[in-house]
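Structure first, then comments.
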Amino acid sequence: MNMGTMRAPTEARHADEPPATAGAAAYMERLRVQRNTYLERMVHLCAQAHPYAKQVLRDRGLTPDDFRTVDDIRKLPPMSKQDYMRDPESFRLDPARVTGLSLEERTIADIIYTAGSSGEPTPFYDTVHDRYARIDLMARATRIAGIGPADTIMNLFPLSVVPHQGFLSATWGPMAAGSKLLSGLTGRAYAGFPVHRRMDEAIDLIESQRATVLWGITSYVRRVIMRAEELGRDFSAVRLVMAMGEPCPTAMRDDMRRRLMNLGSGEITVNNGYGMTELMGPSTECRENGGAHLPAPEQFYFEVVDPETYAPVPDGARGLLLLTHLNRRGTVLLRYVAGDVVALTHAQCPHCGRHEPRFLGSPYRVDGLTKVKGTLVNPAVLLERLSGLLSRGVREYQVVISRENPRDPLAADVLRVRAACAASEQARLRQEIQATVRAETEISPEIEFLPEDGFAEIAGGYKFKRFVDERSDTD
Ligand SMILES: [Zn+2]
């Protein structure tokens, strides 16, 4: 890929970004100073107005003066996602308890929802201050992804039952980049207000407005591309896919690329970022598989630790991610364990020369490892192996773990692969799926074939559960 296309020569540089010519050591030092400054203010605010942090500080006999640098954050115990989900209100700054906050710092602008413990979504509060941080973060994320004013972006995140971050990211990102913005507004219809569009109408817009960027949840964007193939549409202006919210292994990127070429597209880049609500937006790649750059690293402090001992792991090694917000005014999380295992490198990017830390490889859930028939299975790896079958006739797939007798907790486990493909391909694919699963897990799978247009739930819009464990379905 030509690096000259990745960054416009006239791009504005953020005040917190040192020039690319600055050495890595100078960048890290400046980042550290900025983070320490933010931390001091953050801890002072939490000590006054953050119910959960106040309690922790009191229990440990700590005061804001104990937090001079980001290293001092280790004086706090890790906060679990369960704690936050149980009582999200106690993780918000209460503006009534702080004097001297500006109107921007205390006015609620948005509430974004993340998955909750009992199916009830968990609110994540943004004040206007946080909204500006979000726009700034997305401006930088789009710059890293090579999106600019010449682009026409189709936001394919659904207009969902509760607001999720993806829709906001793919709205503020294009607006901050000065791009033209289209929105599919797909999603579940709501009685009385006919605002939702069907997938085919979103496809019409992509074609007629000559969208250059498709941005949405990986499995849904792929579904849109497949539907456009069925309809024989012209997507020749598309040059970039922002595949977010789910992993997008190389075989799936290649599958999307091949299908887009059938729709008339030329060279296609598939950008797969890593993000979560608590990170306020996705990290994005400067080139495929080059690592996902954190767009606004001074807003956060990250620790990557051994999941058992919580000792820091070396730079670039895999470990559990702990996240600390340094500059928020709504929901604030300190030493927060989201449950993802990541690898984070602080080495200068060999592809674009930027200095922001990058996530390497695909993160996976620390609680995602699961035992099936006594064998430890990593769903992320199994799904990545199965994605190789996308180029060999499988149109879509899902792995379901259940028990032979659902009412008997001692009954044997069953690993079932559900695959959508043409009827004529079933015999061959049965062999290939069996071989793939056995090679990864030593388990013989049951295989269920669906018609080619199976998995209608993907068309519904939000995250497609590619791995379902029916033995303990809690979320
Ligand atoms: Zn880079």
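Every number here is computed from the coordinates shown, using simple stated rules; none is lab data. Keep in mind it's a predicted model, so treat the numbers as computed, not measured. Reconstructed Cβ throughout: ideal geometry from the backbone, glycine too, with neighbour counts over all protein chains shown.
The trypsin sites (Lys or Arg not before Pro) of the range 389-424 that DSSP puts in a loop, and whose beta carbon has at most 16 other beta carbons within 10 Å, are Arg407. Near Tyr125, once Lys and Arg are set to +1 and Asp and Glu to -1 for all other residues with Cβ below 13 Å from its Cβ, the sum equals -1.
For the chain, the longest principal axis of the alpha carbon atoms and the long axis of helix 128-144 meet at an angle near 50°. Under the rule a/c < 1.5 gives rounded, and otherwise a/b versus b/c splits prolate from oblate, where does the range 81-181 land using the Cα gyration tensor? In terms of gyration-tensor shape, oblate. Karplus-based coupling profile of the range 385-402, in residue order and whole Hz: 4, 5, 5, x, 7, 5, 8, 10, x, 7, 8, 7, 8, 8, 10, 10, 9, 8, with θ = phi - 60° in 6.51 cos²θ - 1.76 cosθ + 1.60 and x standing for Gly or Pro.
With +1 on the Cβ of every Lys and Arg and -1 on the Cβ of every Asp and Glu, and nothing else charged, how large is the dipole of the range 133-285 about its Cα centre, in debye rounded to the nearest 20?
Dipole about the Cα centre, nearest 20: 80 debye.
What are the chymotrypsin sites (Phe, Trp or Tyr not before Pro) within the range 294-357 that DSSP puts in a loop, where the Cβ has at most 16 other Cβ atoms within 10 Å? Present the calculation step by step, with values, prior to reporting the outcome.
Working: sites: Phe300, Tyr301, Phe302, Tyr310, Tyr336; in loops: Tyr310.
The qualifying sites are Tyr310.
Considering only alpha-carbon pairs that sit under 8 angstrom and 6 or more positions apart, the relative contact order computed for the range 133-285 is 24 percent. Cross-link candidates for Lys81: which lysines have Cα within less than 26 Å, leaving aside residues fewer than 8 places away along the same chain? Within the straight-line cut-off, Lys81 pairs with Lys54, Lys371, Lys463, Lys465.
Over the C-alpha atoms of the range 133-285, the Rg to Rh ratio, Rh being the Kirkwood estimate, stands at 0.94. Helix content alone sets the calculated 222 nm mean residue ellipticity of the chain: runs of n ≥ 4 DSSP H residues at -39500 (n - 2.57) each, divided across all residues, give -9000 deg cm²/dmol.
Between Lys75 and Ala96, what FRET efficiency comes out of the Förster formula 1/(1 + (r/R0)^6) with R0 = 22 Å and r the beta carbon distance, rounded to 0.05?
About 0.20, to the nearest 0.05.
Across the range 370-472, Cα-Cα pairs farther apart than 23 Å form 25% of the total. Placing a label point 7 Å from the Cα of Glu452 along the Cα-to-Cβ direction, the residues of the range 209-229 with a backbone N closer than 12 Å are 227, 229.
Full extension of the chain segment joining Asp110 with Asp65 gains 13.0 nm, where the gain is 0.36 nm per residue of separation less the Cα-Cα distance. Projecting label points 7 angstrom from Cα along Cα→Cβ for Glu89 and Glu201 puts them 3.8 nm apart.
So for the range 370-472, taking the charge dipole from beta-carbon charges (+1 Lys/Arg, -1 Asp/Glu), which of Gln398, Val468, Thr370 sits furthest toward the positive end? Sorting the options by dipole projection puts first Thr370. Simple point charges give the picture: +1 on the Cβ of Lys and Arg, -1 on the Cβ of Asp and Glu, and for the chain a dipole about the Cα centre of about 380 debye.
Coupling constants for the range 159-171 follow from the phi torsions by the Karplus curve (6.51 cos²θ - 1.76 cosθ + 1.60, θ = phi - 60°), and in residue order they are 7, 9, 4, 10, x, 10, 5, x, 4, 5, 4, 7, 9 Hz; glycine and proline get x. In the range 370-472, the DSSP beta bridges split such that about 60 percent are antiparallel, to the nearest 5.
Beta bridges assigned by DSSP with both partners in the chain are antiparallel in approximately 60 percent of cases. Taking amide H as placed 1.01 Å from N in the peptide plane, Asp110 has its amide H under 5 Å from the amide H of Asp126, each at least 5 places away in sequence or on another chain. Rounded to the nearest 10 degrees, the angle from helix 51-60 to the longest Cα principal axis of the chain is 60 degrees. Once the mean of 1/r is taken over each pair of separate Cα atoms and inverted, the chain shows a Kirkwood hydrodynamic radius of 23.7 Å. Counting Lys and Arg as +1 and Asp and Glu as -1 over every other residue whose Cβ lies under 12 Å from the Cβ of Ala202, the net charge comes to +1.
Less than 15 Å Cβ to Cβ from Ala317, Lys/Arg counted +1 and Asp/Glu -1: what total charge do the surrounding residues give? Write down the numbers at each step before the final one.
Numbers: positive: Arg318, Arg358; negative: Glu303, Asp306, Glu308, Asp315, Asp340.
With Lys, Arg at +1 and Asp, Glu at -1, the neighbours total -3.
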